[in-house]
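Since the structure comes first, as structure tokens, the remarks are kept for the end.
The values are calculated or read from the model by the stated rules, or taken from the named source; none is laboratory data. Bear in mind the structure is a predicted one, so any value in this text is a computation, not a measurement. Cβ atoms come from the backbone with ideal geometry, glycine included; neighbour counts cover every protein chain shown. Calculation scope for accessible area: heavy atoms of the full protein, side chains included, ligands and nucleic acids excluded. Shrake-Rupley method; radii C 1.70, N 1.55, O 1.52, S 1.80 Å.
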Amino acid sequence: MLKKRKEKEKKTLILKNKSITIASLFALTLFIGMFAFPPTVLAKQGPQIDVLRWKVVKSPDAVLFEMMATPPGLDIATDLIRPADIETMDGAGMTITSTPAFHMGHIGINIRPDQTYRRLADGLLVGKILSDVKFRKALFQSYDQDTIVASIYKYVVTPVRSLVPPALGGWYNPGVPKIPYNPGDPSTSTAGDGTACGTLMAAGYTYDGDSWLTPAAWGTELGGKEIPDLKCFTPTYEVAPTSAEHGARWIADLHAIGLTSIIHEPAEFSPYLAKVFGEADFDIYMVFWSLGRFPDHLYDMLHSSQDCATYPWRYNGPGVIDPDLDPLLNTIKYSLDHDAKMTAAWEIQRRLYDENYPLCAFSYLQLYSRMYFNGHTSGLMGVVNSPGYGSDNTWTYLNLRWDPNEPERPEGNRRIENGKSVIVWDLGEEPELLNPCFAHTVYAWSIISPTLDGLIAVNPYTSEDLPWLAESWDIEGPITETVTLDSENRYLGVPAGGTVDIVDGMKCTFNLRTDVHWQDGNLYVP
């Protein structure tokens, strides 16, 4: 279905999802018809296959079994995180692709000063502790990042200390302050000696031989109290054993210096995401993000307007509210000045790991950035390995096909079903829903994305903009004016006919193609 709106010469297109059918309890299939363009129009052609099926396979062990089975139960396995699995598939003659990824993993800390909204009995105490930048710094000093990453992942990931991974090129600030691993010992450390224990002591925390107590300077209500239990959500060992092990090792180091109140809480991914971003009901959590080619995620994860406690399902999970940081984030999001955006990105990254900025620093403990390793069974052609995105991308979807010279599989061949060519792709979890307005996990968007055509495409090798539904576009700005809305804007809470003041805004005019075809072959005329 296509919804269109015309205003003078300006045109906007929203292409909604095509049909997706559930093939079984554990598999989802997308039947692909004609693509939106005649195949001679642009290099981004396809699709070359008839059926693309996602099969939900929830653990690395199960993915390896499916890939190595005779015949294979999967044709493509993405997000390979265990070196042994990569080496096994490579040894079996499969095609392995890899690239530094637009990806990062982190541990987020709920830094809201008042947490009585979720912990009625001890919410003020918990808020006081987690909003204390010195306490958070001690957690960072107790994270043996290099050892943990090397021992679990070897060459599959790269340790990072910034909220912008190195794969984003010039946006990455290599000068982000490093917080060295130096836990210390509660019985021998001294205040301010550079250890985690010394940091706690300098902030007024005391160790009674059994547990850490909050600073007496906090007063009789909050001072001299044992630190309450603080749970850290991670994925389960069954679904993501490396992530669960990663979290467990960090928490073991915290326990070694007496911070035994921090508890490892493995949980199902979608439910704890709902706790974090839907309800802001958490102490600490682990999550991994697939990113884009620009650092817009800084705005989503840090701007006060994105606080998920106030606006559920926005992505400022820790609850960072820093009036000095917001202008820099606005520059990242809205400025048309590239140099200003770059300067803001570097400064934001620096502040996040500098204790002189207590309203935002140490809210995100960075873990690693992925090298995207994907495995493909022999005989697959058309794989496009895009820097930053890997081979799990739209270009691969459109060009993937079976080598016609590859021998057919024996009994149980899945390449052809009822005369249609088939490829089976892995999916690590069931998608929570398939509504593009509300879906928030990579599992849902892995299915939704191939059903949506955008106004522009992205060159898979240079990350430059390419025309797609729009053959050209014009950008004007900065613009300051009052505009009257011809339809409701739910995000701003403004009804149709209402006005919005635009300050330093931007106007984009898209000129649509006139040779766009629907899947049934009918021409769309804008």
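Amide H neighbours of residue 516 under 5 Å, at least 5 residues apart or on other chains, H built in the peptide plane: list them.
524
Counting other Cβ atoms within 10 Å of each Cβ, which GluC sites (Glu not before Pro) in region 460-526 have at most 12 and sit in a DSSP loop?
Details: sites: 464, 471, 476, 481, 488; in loops: 464, 488.
Listed in order of number, the matching sites are 464.
So if each residue of separation counts as 0.36 nm, and I subtract the Cα-Cα distance between residue 289 and residue 473, what length gain in nm does that give?
Stretched out fully, the residue 289 to residue 473 stretch lengthens by 63.3 nm.
For region 118-159, what % of the accessible area comes from carbon and sulfur atoms, probe 1.4 Å?
So the carbon and sulfur contribution to the accessible surface is 57 percent.
How do the peptides 348-356, 445-453, 364-372 rank, highest first, by the average count of neighbouring beta carbon atoms within 10 Å per residue? It would help to have the intermediate numbers written out before the result.
On the way: 348-356: 18.9, 445-453: 17.3, 364-372: 23.4.
Result, highest mean first: 364-372, 348-356, 445-453.
Per DSSP H run of n ≥ 4, the term is -39500 (n - 2.57); total these for the chain, divide by its residue number, and report the mean residue ellipticity at 222 nm rounded to 500 deg cm²/dmol.
-6000 deg cm²/dmol
From the square roots a ≥ b ≥ c of the eigenvalues of the alpha-carbon gyration tensor of the chain, which class results: rounded (a/c under 1.5), prolate (a/b over b/c), or oblate? Let's see the in-between values first.
Details: a/c = 2.18, a/b = 1.37, b/c = 1.59.
Judged from the Cα gyration tensor, the chain comes out oblate (a/c at least 1.5, b/c at or above a/b).
Could you compute the FRET efficiency for residue 268 and residue 311, with r as their C-beta to C-beta distance and R0 at 22 Å, rounded to 0.05?
So the FRET efficiency works out to roughly 0.35.
State the extension gain, in nm to one decimal, for the chain segment bounded by residue 403 and residue 333, taking 0.36 nm per residue of separation less the distance between their alpha-carbons.
20.8 nm
Using the Cα centre as the reference, give the magnitude of the dipole from point charges on the C-beta atoms of region 351-509 (Lys, Arg: +1; Asp, Glu: -1; all else neutral), rounded to the nearest 20 debye.
Its charge dipole is roughly 500 debye.
Can you give the FRET efficiency to the nearest 0.05 for residue 487 and residue 114, using r as the Cβ-Cβ distance and R₀ = 35 Å?
FRET efficiency, residue 487 to residue 114: 0.40.
State in Å² the accessible area per residue of the chain; use a 1.4 Å probe, count heavy atoms of protein chains only, and round to the nearest integer.
Counting only protein heavy atoms, the per-residue value for the chain is 45 Å².
Any idea which of 301, 270, 237 is furthest toward the positive side of the dipole for region 213-320, if Lys and Arg beta-carbons carry +1 and Asp and Glu beta-carbons -1?
Of the listed residues, the answer is 301.
Let me check against my output: what whole-number percent is the relative contact order of the chain, with C-alpha pairs under 8 Å and at least 6 apart?
Normalised by residue count, the contact order of the chain is 22 percent.
Show me the ranking of peptides 281-289, 245-253 by mean Cβ neighbours inside 10 Å, starting with the highest.
Descending packing order for the listed peptides: 281-289, 245-253.
What nm value, rounded to one decimal, do you get for the distance between residue 206 and residue 340 when each label is placed 7 Å out toward the C-beta?
Taking the simple label geometry, residue 206 and residue 340 are separated by 5.2 nm.
Using the Cα centre as the reference, give the magnitude of the dipole from point charges on the C-beta atoms of region 256-349 (Lys, Arg: +1; Asp, Glu: -1; all else neutral), rounded to the nearest 20 debye. Walk me through the numbers on the way to the answer.
Numbers: 5 positive and 14 negative charges, 48 e Å.
Using Cβ point charges on Lys, Arg, Asp and Glu, region 256-349 gives about 240 debye.
Sort out for me the Cα centre separation of region 138-165 from region 263-289, rounded to whole Å.
Taking the Cα centre of region 263-289 as reference, the centre of region 138-165 is 20 Å away.
In region 384-526, what percent of the accessible surface is made up of carbon and sulfur (1.4 Å probe, ligands and nucleic acids excluded)?
Details: 4070 of 7820 Å².
Of all accessible area on region 384-526, carbon and sulfur atoms account for 52 percent.
Would region 150-191 count as rounded, prolate or oblate if I go by the C-alpha gyration tensor, calling it rounded below 1.5 in a/c and otherwise prolate when a/b exceeds b/c, oblate otherwise?
In terms of gyration-tensor shape, oblate.
Run the dipole for the chain about the Cα centre, Lys and Arg Cβ at +1, Asp and Glu Cβ at -1, nothing else charged, and hand back the magnitude in debye, nearest 20.
With Lys and Arg at +1 and Asp and Glu at -1, about 920 debye.
Enter the Cα centre distance for the pair region 353-368 and region 224-260, rounded to the nearest angstrom.
Centre-to-centre distance over Cα atoms comes out at 19 Å.
Per residue of region 434-439, in order, report the coupling 6.51 cos²θ - 1.76 cosθ + 1.60 (Karplus, θ = phi - 60°) as ³J(HN,Hα) in whole Hz, putting x for Gly and Pro.
Karplus-based 3J(HN,Hα) across region 434-439 equals 10, 8, x, 7, 10, 5 Hz.
Just to be sure I follow: if Rg is taken over the C-alpha atoms of region 283-367 and Rh is the Kirkwood radius over the same atoms, what is Rg/Rh?
Numbers: Rg = 12.4 Å, Rh = 13.2 Å.
Reported Rg/Rh (Cα atoms, Kirkwood Rh): 0.94.
Which pairs break 21 Å Cα to Cα here: 137/333; 178/341; 134/341; 333/507; 134/178; 275/341?
137/333; 178/341; 134/341; 275/341
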